[in-house]
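Here's the structure we're looking at; comments come further down.
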Amino acid sequence: MLRLPTRFAAVILSFAPLFFQRSWRHAEVLLIGAILAPGKRTVTSLLRVAGLARERRFVNYHRVLSRAAWSSRAASRLLLGHLIQVFAPSGPVVLGIDDTIERRRGKRIAAKGIYRDPVRSSHGHFVKASGLRWISLMLLAPVPWAGRVWALPFLTALAPSERYCRVRGLQHKKLTDWARQLVVQARRWLPQREIVVVGDSGFAALELLAALAHHKVTSITRLRLDAALYDPAPPRLPGTNGRPRTKGARLPNLSKVLASPGAAWQRITVPGWYGEGERSVEICTATAVWRHGGMPIVPIRWVLIRDPQQRFTPQALLCTDLHRAPEQILGWFVQRWQLEVTFQETRAHLGVETQRQWSDLAIARTTPCLLALFSLVTLLAARLRPAEREAAASSAWYRKPRPTFSDTLAAVRRHIWREQGLLTSRRSAHSAKPRP
């Protein structure tokens with residue numbers, strides 16, 4: 001059996017009250033094994049790396065995911081508390097939200113569907129993939145030893161396919177409905193903090209933006225260049241009959257503002273532009289009311305962006321906080337790319353898409369646990385000494401100025417193995433040559 005390192009005990013044992021005593025002993029083995037195991041993250045591979053390959057009652061470890069009584073929502077709340085305390089103790093809490101497809105096949109996986117593959121598809125090429133669709137809420141916070149912002153998952157939900165809901169007589173929920181529930185849940189967990197949510201164009205829905213603004217959550221997403229924007233409604237005069245006005249005069253489309261010679265453009269420098277360092281762009285901003293027939297009315301600040309060197313096509317962003325500076329809006333939106341990095345890192349190093357559960361409850365628990373393992377490994381690395389967590393494995397053809405997640409995972413693994421007594425003797429500076 002593996003021994004729990006003393007430095008990691010405070011973080012890992014904080015999840016023990018969520019389980020019964022017998023279930024926690026099995027869950028702790030699976031947690032340590034998931035950190036140490038290379039390749040697949042099946043339960044059997046976790047037991048092998050933990051030295052339990054001859055455990056006869058191996059089914060008890062499977063039941064932690066398929067039958068044991070524990071709340072994944074309570075675990076998400078506890079994990080978010082740890083992340084806030086270590087990486088975002090003050091200032092606005094910036095959250096990123098996005099969905100991903102876990103490619104799974106099999107007749108017993110009931111919640112799977114056919115979706116557009118965002119990785120293999122392009123504007124002119126459509127590729128479909130069979131699998132499970134997950135929507136994840138992540139904390140966007142700077143990690144000191146990495147020197148950049150990481151997306152740390154803490155709350156992930158399964159969005160079943162429409163066929164799954166139709167067969168079971170359930171009402172199918174859109175992706176924006178799941179996003180609203182996740183963000184409102186985080187709002188209840190952090191009632192005193194300012195929350196900013198960053199998403200891509202799939203979350204630029206008036207119902208979602210209005211619902212989040214009602215809960216005092218600032219939203220930042222992309223905006224269509226042909227969106228219907230209006231002036232705010234004029235003041236209502238005394239004695240006016242009829243319903244109050246909801247909008248003023250129609251404003252020009254952002255595509256026309258882009259081509260207008262009289263637009264006021266301002267050049268700014270954005271740090272950390274999609275992993276390329278600083279980038280100089282030109283922006284134009286104003287406030288408006290976004291309205292569509294039958295939809296809620298949302299006041300927004302729009303930011304139009306163009307590249308002086310024309311390396312990317314012009315695009316527009318929106319923010320539901322009218323008083324937020326456009327430089328801050330653009331800086332937060334650029335951090336959204338870290339969500340894609342986290343999805344890729346979990347597939348490459350934490351075994352997402354390699355698990356093999358058939359039970360509905362086990363499927364709903366395993367992938368969120370593996371995504372949360374990314375955040376847990378980062379939390380454990382924060383308790384190491386700077387020299388241990390800042391070591392970056394490089395080669396002659398690839399120099400790493402800063403450690404990545406693979407280096408962080410290696411540092412945590414090294415400390416766990418060291419606790420088991422796997423230490424080699426230090427190399428002596430003057431070694432004596434033995435006599436023949």
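The values are calculated or read from the model by the stated rules, or taken from the named source; none is laboratory data. A quick note: this is a predicted structure, and the numbers were derived from the prediction, not measured. Every residue, glycine as well, gets a Cβ built from its backbone with ideal geometry; the counts of neighbours run over all protein chains shown. These area figures cover heavy atoms from the full protein model, side chains too; ligands, DNA and RNA do not enter into them. Shrake-Rupley method; radii C 1.70, N 1.55, O 1.52, S 1.80 Å.
Hey, got the Cα dimensions of segment 285-342 along the principal axes, in Å, largest first?
The Cα atoms of segment 285-342 stretch 36, 30, 23 Å along the principal axes, largest first.
Please give me the summed charge of the neighbours of D307: other residues whose Cβ is under 10 Å from its Cβ, Lys and Arg +1, Asp and Glu -1.
Once all neighbours under 10 Å are counted, the net charge is +2.
Hey, got the dipole for the chain? About the Cα centre, +1 on K and R Cβ, -1 on D and E Cβ, debye to the nearest 20?
1640 debye
For segment 219-261, divide the Cα radius of gyration by the Kirkwood radius and give the resulting Rg/Rh value with two decimals.
Radius of gyration relative to Kirkwood radius: 1.14.
Please give the net charge around A249, taking every other residue with its beta carbon less than 13 angstrom from that of A249, where Lys and Arg add +1 and Asp and Glu add -1.
Here the count lands on +3.
Can you tell which of Q309, L350, G202 lies farthest toward the positive end of the dipole of the chain, using +1 and -1 charges on the Cβ of basic and acidic side chains (Lys, Arg; Asp, Glu)?
L350
Considering only the other residues whose Cβ falls under 12 Å of the Cβ of V196, what net charge follows from Lys and Arg at +1 and Asp and Glu at -1?
Combined, the nearby Lys, Arg, Asp and Glu give +3.
Multiply the residue separation of E282 and S121 by 0.36 nm, subtract the distance between their alpha-carbon atoms, and state the gained length in nm to one decimal.
My answer for the length gained is 55.0 nm.
Using r as the Cβ-Cβ distance of A10 and R414, and R0 as 22 Å, what FRET efficiency do you calculate, to the nearest 0.05?
For R0 = 22 Å, the calculated efficiency reads 0.70.
Once phi is turned into ³J(HN,Hα) by the Karplus curve 6.51 cos²θ - 1.76 cosθ + 1.60 with θ = phi - 60°, what whole-Hz value does each residue of segment 323-328 show in order, with x for glycine and proline?
With coefficients 6.51, -1.76 and 1.60, one gets 9, 7, 5, x, 5, 5 Hz.
Rg and Dmax of segment 64-165, using alpha carbons, in Å: what are they?
Taking only Cα atoms of segment 64-165, I get Rg and Dmax of 17.0, 47 Å.
Leaving out ligands and nucleic acids, and using a 1.4 Å probe, what accessible area per residue does the chain come to in Å²?
54 Å²
Using R₀ = 60 Å, calculate the FRET efficiency as 1/(1 + (r/R₀)^6) where r is the Cβ-Cβ separation of S395 and L237; round to 0.05.
Once the sixth-power term is evaluated, E becomes 0.25.
Percent of accessible area on the chain owned by carbon and sulfur, 1.4 Å probe?
52 percent
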